[in-house]
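Heads up: the structure comes next, in structure tokens.
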Amino acid sequence: MLTKRHFLMGTAAVLAARPAMAAPISLNALSQYLNAMRTAEAEFTQINADGTISTGQIYIQRPGRVRFDYNPPEETLVMAGGGQVAVFDGKSNTGRPEQYPLSRTPLSIILEANVNLAQRNMVVGHREDGAKTIVTAQDPENPQYGRIELVFTATPIQLRQWVIIDGQGSRTTVVLGDLQTGGSFPARYFSIPTEISRRG
């Protein structure tokens, strides 16, 4: 069964300005916008590989922080901060999350302090599909960690969804509502130790 970690891999809030010509948004424009963006928030719908659906709210604070609050009946919270990803299962009796390094997920590519998609040679697909621009990225040094397909629409340009393909080929799709940038979030949203203490 696909775990929430696969969903996290695809976490990205990337916006950019589309050129006047009918061509994919440039990698430089994507990198520049991402580097300028510090916070973002949106509702999401997650379509898992087995066809089940989950919903919730995502909070992003670059660099290196993200939080996924799942709506009931889900009892899951996923957060990244301090270089770690933690998956809290509300049904667990221990209150302890499953943890692993953020660097082991493609999420780290777009949450790093200085994103340069072209220079790092992480993009393995970059194309226009009707009104959409699709960028596929992976860690060139660790392709086994999976790939992210980021889907953008125009007028205005906005990240609308992403697809995570894990090392076994399973696909998880995340569809975003309107992405709101700017603002600030409480530090506890991204503090794994604080959440562990709260549940202890």
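The values are calculated or read from the model by the stated rules, or taken from the named source; none is laboratory data. In this text, all values refer to a predicted model and were calculated from it rather than measured experimentally. As a convention, Cβ positions derive from the backbone with ideal geometry for all residues, glycine included, and neighbour counts pool all protein chains shown. Each accessible area value is taken on the protein alone, full model and side chains, heavy atoms only, with ligands, DNA and RNA left out. Shrake-Rupley method; radii C 1.70, N 1.55, O 1.52, S 1.80 Å.
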Residue check: is GLY125 part of a strand (DSSP E or B), surrounded by fewer than 19 Cβ atoms within 10 Å (Cβ to Cβ) and not aliphatic (A, V, I, L, M)?
yes
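When the stretch 103-115 is examined, which residues are found to be assigned to a helix (DSSP H, G or I) and surrounded by fewer than 20 Cβ atoms within 10 Å (Cβ to Cβ)? Walk me through how you get there before you give the answer.
Pass one, the stretch 103-115, residues assigned to a helix (DSSP H, G or I): 103-104, 107-111.
SER103, ARG104, listed by residue number.
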I need the full set of residues from the stretch 164-200 which are at pLDDT 90 or above, open to solvent by less than 40 Å² (accessible area, probe 1.4 Å) and either in contact with a Ser or Thr (Cβ under 7 Å, 6 or more places away or on another chain) or among the acidic types (Asp, Glu) (or both), in order please.
PHE185, GLU195
Within the stretch 19-63, track down each residue that is in a helix (DSSP H, G or I) and either within 25 Å of GLY130 (Cβ to Cβ) or at pLDDT below 85 (or both).
LEU27, ASN28, ALA29, LEU30, SER31, GLN32, TYR33, LEU34, ALA36
Could you grab the pairs with beta carbons closer than 8 Å, sequence gap of 6+ or different chains, first residue in the stretch 186-199 and touching a residue at least 60 places away in the same chain (Cβ under 8 Å), second one in a loop (DSSP other than H, G, I, E, B) and open to solvent by less than 40 Å² (accessible area, probe 1.4 Å)?
ILE192/PRO97; GLU195/PRO97; ILE196/GLY95; ILE196/PRO97; ARG199/GLY95
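Could you list, in sequence order, the residues of the stretch 152-174 that are in a strand (DSSP E or B) and in contact with a helix residue (DSSP H, G or I) (Cβ under 6 Å, 6 or more places away or on another chain)?
Hits for the stretch 152-174 are ILE164, THR172.
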Can you name the condition, by its number, that VAL66 falls short on among (1) surrounded by fewer than 20 Cβ atoms within 10 Å (Cβ to Cβ); (2) outside any loop (DSSP other than H, G, I, E, B)?
(1)
Among the numbered criteria (1) crowded, with 17+ Cβ neighbours inside 10 Å; (2) touching a residue at least 40 places away in the same chain (Cβ under 8 Å); (3) not in a strand (DSSP E or B), which single criterion is violated by ASP139?
(2)
Please go through the stretch 77-102 and give me each residue that is modelled with pLDDT of 85 or more and open to solvent by 50 Å² or more (accessible area, probe 1.4 Å), ordered by number.
GLY82, GLN84, ASP89, ARG96, GLU98, GLN99
